[in-house]
Structures are given as structure tokens and as C-alpha cells.
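The values are calculated or read from the model by the stated rules, or taken from the named source; none is laboratory data. Bear in mind that the values here come from a model prediction, so they are computed numbers and not experimental data. Because the Cβ atoms are built from the backbone with ideal geometry, glycine has one as well, and the counts that use them run over all protein chains shown. What goes into the accessible areas is simple: the full protein's heavy atoms, side chains included, and nothing from ligands, DNA or RNA. Shrake-Rupley method; radii C 1.70, N 1.55, O 1.52, S 1.80 Å.
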Amino acid sequence: MQRPFDESVRPQPAGDLKGAWYGSGEPDPAQVDPVVLGALLDRHGWRRRGGAAGRYARWTPPGPGAGGTSLLVPESRSFPDCEDLLGEALTALARSAAPSAREVLVGLSVPSDEIRWWRDVPPGPSGAASWTVQEQLRGAARQMLMAGALAARGRAGYYGARHRRQAQASLDGVLVGPAPGGRSLTAFVPVQSGRAVVVRLYHALQAAREAADYQRATGGMEAFDAAVEAGVSRELTEAIIALVRGSEGARVALEWSPAAGVPAGCAPRNEAVEFSPGDLPALREAGARYLQDEPSVPVRVTGTVVRMRRSGPRGAGTVRLRVLAGVEVPHVRVALDEDSYRTAGHAHLVGLPIRVVGRLESRGGFRRLTDASNVVPVQVDEAERDRLMKSLQENLDFFEEACQGE
């Protein structure tokens, strides 16, 4: 029951997300599309039990012991009692003991694509999961989301420190809903801010599965090389390894927001992508290959000096820059000859950043600039210069070396 996102679907504004998730309110019945509600109920296992044809459907919760909860959901908003029925259904969902009821409410509050992870691990006492098992699941899911967010910024076999701030920012609105037993986890990724991440992860997981199959069948790694274009990276292979390690297998499923519809190039209904311990050798080899093969990058970086170090009063030294422009990493370490080191020290002492040309090395996670040259101070406005000078005064002990040898 997929439907394109348009003005007839009126989700609750993103600013009201916290209230919907933490139980301080329900979605406004006037803003709920009954078609979307029906699609979410169906996705989360609720059973349709008939109803007045063409007017409303009756839904009951999944699983045994769900109680007598029953929802009457109108087929459309064309009937006079539509809003009353929706209000009653939303109240019943908020009061329902079924775990899926809260997930349906989240999907209504903010149009979200859903990512669900499962790990096949033995259950603990009374079906509970150990703390370690739960942390492994959460950690692996976090890594996988970050890998998708990095791939949405650009394709690379290995990102290191690149793009991480921007990728993390794109995940700020993600909500998480653990399932009973601790062996599964669901992330709700808002369409408005995170759909590109989910689409990229969709393609990347499919490509990783196909590449692992190819390697196991032929012993060749060529499919992993080609999979980089689909979003596969060392970061993704490490996330899959973390998800599978210590389990009998793991699955990842993606579901599109019924309010926003299916993105171009993606299947309306997706089978879960499965990985097993037998895939781990291929994934480890691919990760090592990505780390080794990712080339250094020629860059021109502008940054402020935050630390200076050299072994004596004269000669070459190393500076650490807080990056302002030129590359998407927060800090880089740069080895400079004596003249360039002196230039960097002088620029900092008068409250100016520097610009430097070099190569951003993959070794160490793209945190080091080599072959540095053309070090020059960069003019900034007075407000920024005052801020830099204040930073110098607060951290004066870091820069004593800059004045040595003069």
C-alpha cells in the first residue's frame, strides 16, 4: 500500500517528534492519513479482521496474549466519522501493551524509513539477552548507520576521519526501538533528513551480499572492488563483522516510509539481507583490501594551529591544525620544514590561520598531511581574529616552541 508523499499526507512536524516518542502525546488525528496507518499496522504484523467494506477495517495486534485491543481504521478521510475513529485508534495504540504499537505511533509522528537488525544468539534466562549481547547489537547497528551516512557523502573504500562530522549530523534525528529479548533492534530514520542514508545502505548491503557470495564461489575479490561504487567500504564490512561475530548469523531489513513512498531504484518490498559466520573471512579480506588500496588525496587545507612540536630550538617540526576548509576532517597533523614551521608559529601568534598544500595520507585514518609546501598566513575578519587570539592566551603552554630559535 505504498503511496507518494503529497499534501494529503500531513505528518506531525519534526519539532513534535520528542513528544510522540516519549509518550507525552499522540499524533493529531487530523494529521493522520488512514492509508498510512493501515500500511504501518500491516507492516508490524497487525491482522486485518474484516470490517464494513469500503468504510473501515478492524485490526488486531500480532502474537498471542495481545489482549482484546481492536482498532477500527477508516479506509479514507471521506466519511464524517473518520477523525473520531482515528482518534480512538490512536488512543488504543498508545494504551496497547503490544510492542509494535509504539513503532506504529513513531511511524505516524514522523515519516521514517525503518532499519531492523536481528542477531541469532541463544536466549538468556526467561528470554532475556545479556548486557554484552545487547551492546554488541547496538554497537554494530551504530557502525552500520555511520557507514551508510559516510557513503551518502561520497564513495570510498575507506573513509577514516573524513566526512565523520557531517555523517554524524545526518543521523541526529534517528530514533531507536529495541525489541523484547535484546536480539533485534529497529531504527527509525526520518525521511526528510535521512532517506539518502537509507537508500545508500540499501544498495550497499545488497552489493556486499553479492560480493561475499562471489568470493565464496570463486575466491576472487573483484566483486568487492566494484561494490565500492554501491557504497561498500571498510566501515561497512567492519559493521557487518561486528553484527555477525559471536552469533549464528544476522539479518538486516529495510522498510520504506509508507507516507513518503518508495525511492527511485529501490524495490517496494525488501527481503532481509542475511550474513553468516562463513562470510567473515571474505569481509575481513575486503576490509583489509580497502584500507590498503585507498590512495592519498592532494588537498589545500586552511586551518588554525592548535599545537606545535619540535625536538630542538631549530629545525623541522610538526603542527596540528584545526581544519577550517579544504578537507572534511576535524584535525590534521602536518610535518613542516624549519621555515614553514616558523611561518606557522608567527601566524598563530598574531591570530591568523594558515593555508598549506600537501597530500592527505590514508595511513592513520586521513589525519596526516605529507609533502607539505606553500605555507602562508590567511587573512580573517576581526571577530575571528579576536577569537583566535583568545584561544592562544588560554593555551599558551602549547606554543612556547613557536618562539624558540628566533
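Points to keep in mind about this one:
- In the set 210, 238, 274, 255, only one residue is at pLDDT 95 or above, under 21 Å from the mean Cα position of the chain (by Cα), farther than 29 Å from residue 330 by Cα and of a type outside the set (Phe, Trp, Tyr); that residue is 274.
- Of the helices (runs of 4 or more DSSP H) lying entirely inside segment 203-304, those containing at least 3 residues that are open to solvent by less than 60 Å² (accessible area, probe 1.4 Å) and closer than 20 Å to residue 365 by Cα are 234-244, 280-293.
- Filtering segment 107-135 to residues that are surrounded by 21 or more Cβ atoms within 10 Å (Cβ to Cβ), out of contact with any helix residue (DSSP H, G or I) (no Cβ under 6 Å at 6 or more places or on another chain) and not charged (D, E, K, R) leaves 108, 112, 115, 129.
- When residues of segment 350-372 are limited to those that are open to solvent by less than 10 Å² (accessible area, probe 1.4 Å) and over 19 Å from residue 162 (Cα atoms), the one modelled with the lowest pLDDT: 351
- Meets criteria (under 28 Å from residue 160 (Cα atoms), touching a residue at least 60 places away in the same chain (Cβ under 8 Å) and not hydroxyl-bearing (Ser, Thr, Tyr)) for residue 375: no
- Scoring residue 330 on the criteria (1) open to solvent by less than 40 Å² (accessible area, probe 1.4 Å); (2) closer than 17 Å to residue 367 by Cβ leaves a single failure, condition (1).
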